[in-house]
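Student: Provided herewith is a single structure, encoded as structure tokens, for subsequent inquiry.
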Amino acid sequence: MKRRNFIQHGIAISALVGIEIPSMDLCKGDKFSLPLVVSTWDNRRANDAAFQVLHSGANVLDAIVAGVKVPEADPADRSVGYGGRPDRSGRVTLDACIMDSNGKAGSVTYVQHYKHPIEIARMVMEKTPHVILSGDGAELFAAKMGMKQMDLLTEESKKEYEAWRITEKYQPIINIERHDTIGLLAIDKAGNLAGGCSTSGMAYKMEGRVGDSPIIGAGLFVDNEVGACTATGHGEYVLRTLASFLVVEFMRNGMHPQKACEKAIKRIVNKHKGTSEEYQIGLIALDKKGRIGYYSVRKGFLCAIKNTENELVKDSEYAI
Ligand code: ASP
């Protein structure tokens, strides 16, 4: 059986990573021990990096940045950072945001030439009076902060783009490679939450298009009193419903993270009943108690979970 299929069936992957886990499959209703990291898709390597930082006792925000940087730097991940698919003009443009335990937020949109938009987003949060910097302004700020520029378009992405130009048909493919946009949520031992989200956006999007991922409340929302949520998939559907904020508000009203994700996905589906587009949205949520939830519009979404006892990649249940 292929490794990916093995994971898709939601089997605990202790054998692959050499750690022990309980034989009982953890269900979404359970509380996980803290510290705990959860991410969209099969982002185990990102979880590992984040967890190591958390485990060493460092700040939960440092853990988020360490985790998100993994797919951002990986040219094989074609939906995030370096190696991401370009827009329809051939430019790789990145979106990212971050939120900390104090309710502070930073975001960058339409950033070119920088491999780690999550680091720029963090600097926007910590070193400017603003929440969002966009395009040229974000790049200027990154340069002033001493960050190095690079070409983000890899040969592989360039070749695919050139093939795409033959038809120039904008037709988003759902569940691309199963390691789409990274949304990463973490909670430290003391119960402090933070989150980050990073993407190169929809492949062959219009020039200037910004998705949900860098928009606070859409692609990510963290409220340290309650919990956190992040989204992946066709961003326009998330933007229209502010899905991450919605999930956190459902949790604030007492809902379990799983129920909150299900209710928000159902809201998205109901709001878009008339559409003929085949779209996918996946949501993951984490509450203050270490309970998690994940749910998607369609089959194929994955949630990766990591704490001291567990390293899991789980298939999501879905609405349609
Ligand atoms: N949500 C991202 C966007 O719309 C893309 C994704 O998650 O695949 O830009």
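The values are calculated or read from the model by the stated rules, or taken from the named source; none is laboratory data. Note that the structure is a prediction, hence the values are computed from the model and not measured. Glycine also receives a Cβ, built like all others from the backbone with ideal geometry; neighbour counts cover every protein chain displayed. For the accessible areas, the whole protein counts, side chains as well, though only heavy atoms, and no ligand, DNA or RNA atoms are used. Shrake-Rupley method; radii C 1.70, N 1.55, O 1.52, S 1.80 Å.
Student: Filter the range 62-99 down to the residues that are more than 13 Å from the ligand (Cβ to nearest atom), open to solvent by less than 10 Å² (accessible area, probe 1.4 Å) and part of a helix (DSSP H, G or I) and list them by number.
Tutor: Of everything in the range 62-99, those that are more than 13 Å from the ligand (Cβ to nearest atom), open to solvent by less than 10 Å² (accessible area, probe 1.4 Å) and part of a helix (DSSP H, G or I) turn out to be ALA63, ILE64, GLY67, VAL68, GLU72.
Student: I would also like to ask the following. Could you tell me whether ARG252 is open to solvent by 50 Å² or more (accessible area, probe 1.4 Å), within 16 Å of the ligand (Cβ to nearest atom) and charged (D, E, K, R)?
Tutor: It is false that ARG252 is open to solvent by 50 Å² or more (accessible area, probe 1.4 Å), within 16 Å of the ligand (Cβ to nearest atom) and charged (D, E, K, R).
Student: Could you pull out the residue among ASN43, ASN102 that is modelled with pLDDT of 95 or more, open to solvent by less than 60 Å² (accessible area, probe 1.4 Å) and of a type outside the set (Ser, Thr, Tyr)?
Tutor: ASN43
Student: Is there a residue being open to solvent by 80 Å² or more (accessible area, probe 1.4 Å) and within 17 Å of THR109 (Cα to Cα) anywhere in the range 196-207?
Tutor: Checked the range 196-207: at least one residue is open to solvent by 80 Å² or more (accessible area, probe 1.4 Å) and within 17 Å of THR109 (Cα to Cα).
Student: When both residues are 6+ apart or on different chains and their Cβ atoms are under 6 Å apart, which pairs have a first residue that lies in the range 224-241 and is among the hydroxyl-bearing types (Ser, Thr, Tyr), and a second that is near the ligand (Cβ under 9 Å from one of its atoms) and part of a strand (DSSP E or B)?
Tutor: THR230/GLY183; THR230/CYS197; THR232/THR40; THR232/GLY183; THR232/GLY282; TYR237/ILE281
Student: Those residues that are within 14 Å of the ligand (Cβ to nearest atom) and under 19 Å from ARG45 (Cβ atoms), I need them from the range 185-212; list them, please.
Tutor: Across the range 185-212, the qualifying residues are GLY196, CYS197, SER198, THR199, SER200.
Student: Okay, next question. Would the range 149-156 turn up any residue that is part of a loop (DSSP other than H, G, I, E, B), more than 16 Å from the ligand (Cβ to nearest atom), in contact with a Pro (Cβ under 7 Å, 6 or more places away or on another chain) and among the β-branched types (Val, Ile, Thr)?
Tutor: Yes, that holds for at least one residue.
Student: Only one residue in ILE174, ILE182, ILE284 is open to solvent by 30 Å² or more (accessible area, probe 1.4 Å) and within 13 Å of the ligand (Cβ to nearest atom), so which one is that?
Tutor: Values: ILE182 fails: open to solvent by 30 Å² or more (accessible area, probe 1.4 Å); ILE284 fails: open to solvent by 30 Å² or more (accessible area, probe 1.4 Å).
The conditions single out ILE174.
Student: If you scan the range 172-189, which residues turn out to be within 29 Å of HIS130 (Cβ to Cβ) and either at pLDDT 95 or above or of a type in the set (D, E, K, R) (or both)?
Tutor: Within the range 172-189, ASP180, ILE182, GLY183, LEU184, LEU185, ALA186, ILE187, ASP188 meet the criteria.
Student: Still on this structure, I have one more. Which condition breaks for ALA203 when tested against (1) at pLDDT below 95; (2) at positive phi?
Tutor: Just one mismatch for ALA203, condition (2).
Student: Can you pull out the residues in the range 125-168 that are of a type in the set (Lys, Arg) and either more than 25 Å from the chain's Cα centre (by Cα) or open to solvent by less than 100 Å² (accessible area, probe 1.4 Å) (or both)?
Tutor: Selection gives LYS144, LYS158, LYS159, ARG165.
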